[in-house]
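Participant: Mind looking over this structure? Questions follow.
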Amino acid sequence: MIRANRHKRVIAVCGKGGVGKTAFTAMLTRSLLESQKAGDLLVIDADPAMGLPNTLGIQVEKTIGHVRDLIINTARAGIGEDRVDLSSRLDYLVLETLYESDDYAFLAMGRTDSQGCFCSVNDLLKKSIRILSERFDTIVIDGEAGLEQMNRQVMNMVDLLIILSDTSTRGLQTVEHITKMVTEDHVIDCTQLGVVFNRVINNELLLTQAAERIGIEVFGMVPQDQSIVHYDLIGQPLTELPADSLALSAIRDFVANHIVQLDCR
Ligand SMILES: Nc1ncnc2c1ncn2[C@@H]1O[C@H](COP(=O)(O)OP(=O)(O)OP(=O)(O)O)[C@@H](O)[C@H]1O
Ligand SMILES: [Mg+2]
């Protein structure tokens, strides 16, 4: 979709390990495409384990981690000319990692083989990712790597931060912890923060009360859905879930209620 004025929405998904962030991001991608309101869509996998491509049914080879290793190895080799050449090609190298389908673009942060802290390299890469993301209207990040890492390596400003949680006490404790990291420690700059409960089975009232206690808005509740379990078992992309999937339907509601009308920068 081409728009006269491009506005960006940056949506990030975070939360405790194994609560369904990747499954949610894949279904969110499908729902955003179905809504035809996302404009040009960029999906970013910030998890070094890179589970999202399979869940989306795509194959990705190049990652930002490869670019980082190339910069670090070139700097270590100490050949001045190569270093200058590399920094001038950085935006191109980042662009080369972009996977583009007919419907959306995809960027994998990947892992790095280089040991140590490389703040200046991260800053350079983050700047290139920012320049690249200017081309898109909606950016969705599966932020497995944790908020500090997302801030350091991907983006430090998001419009909508979704904390995904299961329905356990430990899940709720993580929601409370992340809420404090955002509202008190300002680990990441976000305009709207909310929780989405996943794998919900008849416990909506208790979950709503728990969210009230924590002081966080409930963006949605995604039911336990056996079709997700089945698709994940046979390795079928979640973007191909049946149109009447219960979880997908809840995510469509979330898109209609919280994303389509999102005020953007
Ligand atoms: N609504 C749902 N109904 C049924 N199963 C679900 C649902 N959401 C996620 N799952 C299942 O939960 C498991 C974990 O999901 P997923 O890999 O998306 O979690 P994650 O938060 O991305 O994990 P990690 O922290 O390891 O990246 C998967 O086996 C997935 O099939
Ligand atoms: Mg994941």
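Bear in mind these aren't lab numbers, they're just calculated from the coordinates by the rules spelled out. What you see is a predicted model; the values in this text were computed from it and never measured.
Participant: Can you report the principal axis dimensions of the stretch 61-163 using only the alpha carbons, biggest first, rounded to whole angstrom?
Facilitator: 43, 30, 22
Participant: How high is the relative contact order of the stretch 86-168, in percent, with contacts defined as C-alpha pairs under 8 Å that are six or more residues apart?
Facilitator: For the stretch 86-168, the relative contact order is 26 percent.
Participant: I need the Kirkwood Rh of the stretch 147-191: take the reciprocal of the average 1/r across all distinct C-alpha pairs and report it in angstrom.
Facilitator: About 11.0 Å for the stretch 147-191.
Participant: Cα-Cα pairs above 34 Å in the chain: how many percent?
Facilitator: Counting every Cα pair in the chain, those more than 34 Å apart make up 18 percent.
Participant: Helix-only estimate, please: 222 nm mean residue ellipticity of the chain, summing -39500 (n - 2.57) across DSSP H runs of length 4 or more and dividing by its residues, to the nearest 500.
Facilitator: My calculation for the chain gives -12500 deg cm²/dmol from helical runs alone.
Participant: In addition: Let a ≥ b ≥ c be the square roots of the eigenvalues of the Cα gyration tensor of the stretch 151-241; is it rounded (a/c under 1.5), or, if not, prolate (a/b larger than b/c) or oblate?
Facilitator: oblate
Participant: Relative to the longest principal axis of the C-alpha atoms of the chain, give the angle of the C-alpha long axis of helix 119-133, reported between 0 and 90° and rounded to the nearest 10°.
Facilitator: Long axis of 119-133 versus the principal axis of the chain: about 70 degrees.
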